[in-house]
Structures are given as C-alpha cells and as structure tokens.
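Asker: First the structure, then my questions, so here it is.
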Amino acid sequence: MNSLPPLFASSGQMEQQFSDGLAAMLEQHQGLGVYILVLANAAYDKALWTQLSAPLAARHSALSAAMTRMLRHNQNLHEPDDDVMVFLKLQVIGFEHLQTGQSRNAGPWQLSFNPIRALRPPRISGQKFDRLSRPFDPTGFHFNKAFLAKENLWQGTLVDKPVRLLYNKFPFARLHGLLLQNQNASLRKCSPLNSMTGPGMSAHGRPYRG
C-alpha cells in the first residue's frame, strides 16, 4: 500500500501547510481574487484570523486606495466583475466590522456560518440545467484555467492518480479544499464517481467552485 504524502500524514501538517500557503499567496499576489480567497479562509478559522488579519487589513486598505484612484480617473480595473462586486460589498461593510465564522449546536446539528461566504456571487448556481452530465466546455469554467495555478495547496500523486488540491475561495468548513484528479483531461461535467477509488476522493468534473 502506498504511503500518504506528508501533507496528509497528520492534521497538524495539513494545518501548517494550509496556513503557510495562504500567507505566501497573499504576499506574492496582489489581485482581488487572492485577497478574497485568503480573507474568506481566515475568517472561518480563529487561528488563521489571528495570523492573517493584520496583513489582510493592510491589503484591503491598499486595494481600496488603488481602486478608488482608478475609478476616479476612469481607468479599467482589470479584475473580474465578480471579484469587484465582492470587494465593493466588503468596502461598504468596512474591514474593521467584518465578522469571523460562527457556529452553534441546534439539537443533533452543528450549524456554521461564514459571513464572507455570504458575499459569494451566484455564478453557475443561478443557471438552469436539463441534465446531470454535460460535455466539457472549454469556454466555461473548468479547473485547468491558468489563473488557478496560484490557488494550489498541493499537487502530486494519490492512490496512483495525479491530483491537485486547491483552496476553496468561499469555504464552508475548516481546511476546506477541492481535490481534483486528471484536471487536464477535459472530462465531462459530473464524471463517474468510480473513476477514482479510495476514502475521501472526489471525481473531477465538479461544475462549480464551492
């Protein structure tokens, strides 16, 4: 039996690499998308918020100033409209008023709420579908888009399959990631679940990003 990669060897290893990756991503990339991803993940985890709230506040201030200057001079923002809309909502709320994730028990259920996830744009969730399986659409969203490379948490081999683990831009659980296999194969959406075997594996072809 193949041994697990170090990332999956312990919860402590996963937590450390998860937090280190977010900090590095925020430092290396200046765009709105990365800022929103790191903010949403940090807001769900108290330890991450303690570590990242100060650099996130500084980045928020810098992005706000840059966007204000560009809009006042009729310049294009060169950012996806979805990200701009999320940031404008964050700007209205004010960084100092942002709330972190909350949870409570309700009978047998544990309820969790990430206020940043509540700002998630509708994207594909607003579309209507007439079938569960759809042909690959190279013009639509898929996980081998070049801009997703910076959102990689880990890439390697798992259960003898090439896989990538991406951060989730709007998480609804701690350490929430997207595990993808054969992302360059241009597979149909909703590919068969038996295409990868093993505990915790998910088939590539998920039609949206969390």
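The values are calculated or read from the model by the stated rules, or taken from the named source; none is laboratory data. From a predicted model like this one, the values you see are computed outputs, not experimental measurements. FYI the Cβ positions are ideal-geometry reconstructions off the backbone, even for glycines, and counts take in every protein chain you see.
Asker: Out of the residues in the stretch 153-210 that are among the basic types (Lys, Arg) and modelled with pLDDT under 60, state the one that is nearest to the chain's Cα centre (by Cα).
Answerer: Looking at residues that are among the basic types (Lys, Arg) and modelled with pLDDT under 60, I get 209.
Asker: Shifting gears a bit: Filter the stretch 46-77 down to residues that are over 14 Å from residue 34 (Cα atoms) and either touching a Gly at 6+ places or on another chain (Cβ under 9 Å) or of a type in the set (Lys, Arg) (or both), then give me how many there are.
Answerer: Qualifying residue count, the stretch 46-77: 4.
Asker: Can you tell which of 26, 48 is at negative phi, modelled with pLDDT of 95 or more and surrounded by 14 or more Cβ atoms within 10 Å (Cβ to Cβ)?
Answerer: Selected residue: 26, the only one of 26, 48 that is at negative phi, modelled with pLDDT of 95 or more and surrounded by 14 or more Cβ atoms within 10 Å (Cβ to Cβ).
Asker: Also, I was wondering about something else. For the stretch 103-119, state whether one or more residues are surrounded by 13 or more Cβ atoms within 10 Å (Cβ to Cβ), of a type in the set (Lys, Arg) and either modelled with pLDDT under 95 or not assigned by TED's automatic domain parsing to the domain that holds residue 30 (or both).
Answerer: yes
Asker: Looking only at the stretch 86-123, which residues are charged (D, E, K, R) and either within 12 Å of residue 60 (Cα to Cα) or touching a residue at least 24 places away in the same chain (Cβ under 8 Å) (or both)?
Answerer: 89, 96, 117, 120, 123
Asker: Would you check which residues across the stretch 1-44 are more than 14 Å from residue 167 (Cα to Cα) and among the charged types (D, E, K, R) and list them?
Answerer: Of everything in the stretch 1-44, just one residue is more than 14 Å from residue 167 (Cα to Cα) and among the charged types (D, E, K, R), namely 27.
Asker: Now, a different point. From the list 43, 47, pick out the single residue that is in contact (Cβ under 8 Å) with a residue 60 or more places away in the chain, in the same structural domain as residue 116 (by TED's automatic domain parsing), small (Gly, Ala, Ser) and farther than 22 Å from residue 179 by Cβ.
Answerer: 43
Asker: Scan the stretch 65-83 for residues that are surrounded by 15 or more Cβ atoms within 10 Å (Cβ to Cβ) and in a helix (DSSP H, G or I) and jot them down.
Answerer: Across the stretch 65-83, the qualifying residues are 67, 82, 83.
Asker: Which of the residues belonging to the stretch 89-99 are surrounded by 13 or more Cβ atoms within 10 Å (Cβ to Cβ) and among the aliphatic types (A, V, I, L, M)?
Answerer: Of everything in the stretch 89-99, those that are surrounded by 13 or more Cβ atoms within 10 Å (Cβ to Cβ) and among the aliphatic types (A, V, I, L, M) turn out to be 90, 93, 98.
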